[in-house]
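This report concerns only the one structure given below.
The values are calculated or read from the model by the stated rules, or taken from the named source; none is laboratory data. Owing to the predicted nature of the structure, the values given are computational and were not obtained by experimental measurement. Cβ placement follows ideal geometry from the backbone for every residue including glycine, while neighbour counts extend to all protein chains displayed.
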Amino acid sequence: MTTPDVPRRRGRPPKLTRDAVVAGALEVLDESGHDGLSMRAVAEHLGVGKMSLYHHVADRSELERLVIERLLAAVELPDAALPWRERIAALAHGIRALVFRHPNATPLLALREYSDPVALRLPDAVMTALHDAGLRGAAMVGGARLVFSYAIGFAQLDLVDKADSAGDSPMAALSEAEFPHVVAAARETRNHGLDEQFDLGLKPLLAGLAAIAS
């Protein structure tokens, strides 16, 4: 005799885990931005009661920290045997790609401190490369901030370019006599994609770091 299938209860959420809570929080952050990230919003997104989240995270502050630590841990680190310039370039590209994929995480990247050893590998890799370049103390810290700031800032240009593909920059149509360098720069950028522009900007950044170290 066959036993009839017992219908599953609809709407019953799967067993909640800490990993699922963090993944859900990242999805809410991507969709609703930093202001929209709350314990209630994550609970609704996961289809569970708000209080059930507190079995896995203490509060919103811890949730934000866990989200950023997950994102930082996902950035691929270059081979430590590579020259320091190549490592910094690769790390800058990784940071830029991270912000481009998750632009709403930018405020958290700028404001949060991290304690997870896996997440700390990224800033440590940046500072290790700078240390190998010869930077020490405040110069090394400042250099690391410069690398992060350049990559995060350039990612904002990526997002603007993605949202606005209207064509030539209006700056290219300005008076060349009044703004010669601005017009020349605007016209020059038409010949380079954003990836190439990013690499062009890395050259003086790396040269400046090398000059400080010498």
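Summary table
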| quantity | calculated |
| --- | --- |
| Listing of helices (runs of 4 or more DSSP H) fully contained in segment 35-117 that carry 2 or more residues being within 19 Å of residue 25 (Cβ to Cβ), out of contact with any Pro (no Cβ under 9 Å at 6 or more places or on another chain) and touching a residue at least 60 places away in the same chain (Cβ under 8 Å) | 106-111 |
| Test for residue 167: is it modelled with pLDDT of 95 or more, farther than 19 Å from residue 76 by Cα and either in contact with a strand residue (DSSP E or B) (Cβ under 9 Å, 6 or more places away or on another chain) or not basic (Lys, Arg) (or both) | no |
